[in-house]
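Report on the structure given below.
The values are calculated or read from the model by the stated rules, or taken from the named source; none is laboratory data. Predicted, not measured: the structure shown is a model, and the values here were computed from it. Neighbour counts are summed over all protein chains in view; Cβ atoms, including those assigned to glycine, are modelled from backbone coordinates with ideal geometry. We work out accessible area using only protein heavy atoms, side chains counted, and drop any ligands, DNA or RNA first. Shrake-Rupley method; radii C 1.70, N 1.55, O 1.52, S 1.80 Å.
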Amino acid sequence: GVLPTTAQVCVLKYGEKQSVTTHVDAFGVADEDVQEMRLPVPWLSDLAVVDTPGTNAVISAHEQLTRRIVPRADLVLFVTSSDRPFSESEKNFLELIKGWGKKVVFVVNKIDNLPDENAVQEVTVFVRDNGTAMM
């Protein structure tokens, strides 16, 4: 739908036990826009996964959060929808990502909503070809 689904940045990190806190920066200042979740998942000890509100946000502040975080990423998992891959706002944001020199892996969301394997193949080829051309 059109309702925003992610309002905060969520940072997943390794922790001995599961916990959720507000992120505190190096100066001890809490950032209410960033939630930190720690999980006892071994591979999280080697990396952090950051989920952002995205680029097609109904609330403009959500996109601004994403613009603050993405330049610091080593790799971007760019999620686009199978029912409307590469919307205009996504294309614009990909231009920024390209300018930041980020590596990008494209992920197609809602692929299970497509009617058949031909539609899945069509969307997959479209995202692969257009994603490669944009980057």
Taking first residues from region 113-129 that are of a type outside the set (Val, Ile, Thr) and second residues anywhere that are assigned to a helix (DSSP H, G or I) and at pLDDT 95 or above, the pairs with Cβ under 7 Å that are 6 or more apart or on different chains are LEU114/VAL120; LEU114/VAL123
Of those in region 123-135 that are open to solvent by 60 Å² or more (accessible area, probe 1.4 Å) and among the aliphatic types (A, V, I, L, M), the residue modelled with the lowest pLDDT is MET135
Residues in region 45-55: is at least one in contact with a Gly (Cβ under 8 Å, 6 or more places away or on another chain) and without any contact (Cβ under 8 Å) to a residue 60 or more places away in the chain? no
Being modelled with pLDDT under 95, aliphatic (A, V, I, L, M) and open to solvent by less than 60 Å² (accessible area, probe 1.4 Å) is the requirement here; does ILE97 meet it? yes
Quick one: which strands (runs of 3 or more DSSP E) lie wholly within region 32-135 and hold at least 3 residues that are within 30 Å of GLU16 (Cα to Cα) and under 15 Å from the mean Cα position of the chain (by Cα)? 49-51, 75-81
Let me spell it out: the conditions are (1) within 17 Å of VAL104 (Cβ to Cβ); (2) modelled with pLDDT of 90 or more; (3) of a type outside the set (Lys, Arg); (4) open to solvent by less than 80 Å² (accessible area, probe 1.4 Å), and LEU75 meets all of them except one. Which number is the exception? (4)
If you take the residues of region 100-122 that are in contact with a helix residue (DSSP H, G or I) (Cβ under 7 Å, 6 or more places away or on another chain) and more than 19 Å from ASP51 (Cα to Cα), which of them is most open to solvent (accessible area, probe 1.4 Å)? ILE111
